[in-house]
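S.K.: Before anything else, here's the structure in question.
We did not get these values from a lab; they are worked out from the coordinates using the rules stated. Everything numeric in this text was worked out from a predicted model, so none of it was measured. Ideal geometry is used to build each Cβ from the backbone, glycine not excepted, and the neighbour counts take in all protein chains shown.
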Amino acid sequence: MIDKVKSVFTPKLEAKDRAKVDFLKSLVLFSDFSDQECLPFLSFIYERSYKKNEVVFFRDDASQALYLLKKGRVELSLDIGDKDEHLYTCEGPSVFGLNSLIKDRRRDFNAVVTSEKASIYVIPHSDIFSIMDSEPVIKGKLLYNLAKTYDFMFERLFDIYRSNIGFFELRKVF
């Protein structure tokens, strides 16, 4: 009964906002957000179009934005000397640049568009922190989902390490 009463007083989203909210909720970072919890981000989402081989960011750049890949492909790589070592290929929908949720961070890798075109939503770091400062529940959910994502990456790192012992000294990570 409460849900029915609440829905009567909850404004209906316009089609373009509904599409953005649904997109946000399709990403692991926002997967457990309600529609209402997604709303504060809508006015800070900027859509950018990128072309093949266009750099989204370089390693050591300031982490000034969170990137939400709507369509296309972005390669994440680590430059080692004159070579780039492929880390991961993001395909829409996905999120990258997660360390922008942590203050005063720099990029750990490069991000370059590898598809002919890519459509990427950009949310500036300062706007994310403004939302988190005023909405503690949203901040908690974002940081919890970030922790889950990093935990998943650590789990994969350890699984790979176990199957390739001697590849590197894990104790140097810690």
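S.K.: Of all residues in the stretch 132-165, how many are of a type in the set (A, V, I, L, M) and touching a Leu at 6+ places or on another chain (Cβ under 9 Å)? Before you say what the answer is, go through the steps one by one.
M.R.: Keep residues of the stretch 132-165 that are of a type in the set (A, V, I, L, M), which gives 132, 137-138, 142-143, 146-147, 153, 157, 160, 165.
Right, trim to touching a Leu at 6+ places or on another chain (Cβ under 9 Å) and you get 132, 142-143, 146, 157.
Residues in the stretch 132-165 being of a type in the set (A, V, I, L, M) and touching a Leu at 6+ places or on another chain (Cβ under 9 Å): 5 in total.
S.K.: Further question on the same structure: Where the second residue is of a type in the set (D, E, K, R) and crowded, with 17+ Cβ neighbours inside 10 Å and the first is closer than 15 Å to Leu76 by Cβ and without any contact (Cβ under 8 Å) to a residue 60 or more places away in the chain and lies in the stretch 93-116, which pairs have Cβ atoms under 6 Å and are six or more apart or on separate chains?
M.R.: Within 6 Å, the pairs are Val112/Glu75.
S.K.: If you scan the stretch 52-67, which residues turn out to be of a type in the set (A, V, I, L, M) and touching a helix residue (DSSP H, G or I) at 6+ places or on another chain (Cβ under 7 Å)?
M.R.: Here is the first cut: in the stretch 52-67, the ones of a type in the set (A, V, I, L, M) are 55-56, 62, 65-66.
Correct list: Ala65, Leu66.
S.K.: Can you tell me which residue in the stretch 17-27 is surrounded by the most Cβ atoms within 10 Å (Cβ to Cβ), limited to those that are in contact with a helix residue (DSSP H, G or I) (Cβ under 6 Å, 6 or more places away or on another chain) and of a type in the set (A, V, I, L, M, F, W, C)?
M.R.: Leu24
S.K.: Another question, if that's okay. Where the second residue is of a type in the set (S, T, N, Q) and in a strand (DSSP E or B) and the first is farther than 11 Å from Thr114 by Cβ and without any contact (Cβ under 8 Å) to a residue 60 or more places away in the chain and lies in the stretch 36-57, which pairs have Cβ atoms under 9 Å and are six or more apart or on separate chains?
M.R.: Val55/Asn110; Phe57/Asn110
S.K.: Given the structure, is Phe33 in contact (Cβ under 8 Å) with a residue 24 or more places away in the chain, surrounded by 14 or more Cβ atoms within 10 Å (Cβ to Cβ) and in a loop (DSSP other than H, G, I, E, B)? Reasoning before the result, please.
M.R.: Values: in contact (Cβ under 8 Å) with a residue 24 or more places away in the chain: yes; surrounded by 14 or more Cβ atoms within 10 Å (Cβ to Cβ): yes; in a loop (DSSP other than H, G, I, E, B): yes.
So Phe33 fits the description; yes.
S.K.: Also, I was wondering about something else. Restricting the search to the stretch 117-161, which residues are charged (D, E, K, R) and either farther than 16 Å from Asp32 by Cβ or free of Cβ contacts under 8 Å to residues at least 60 places away in the same chain (or both)?
M.R.: Result: Lys117, Asp127, Asp133, Lys139, Asp151, Glu155, Arg156, Asp159.
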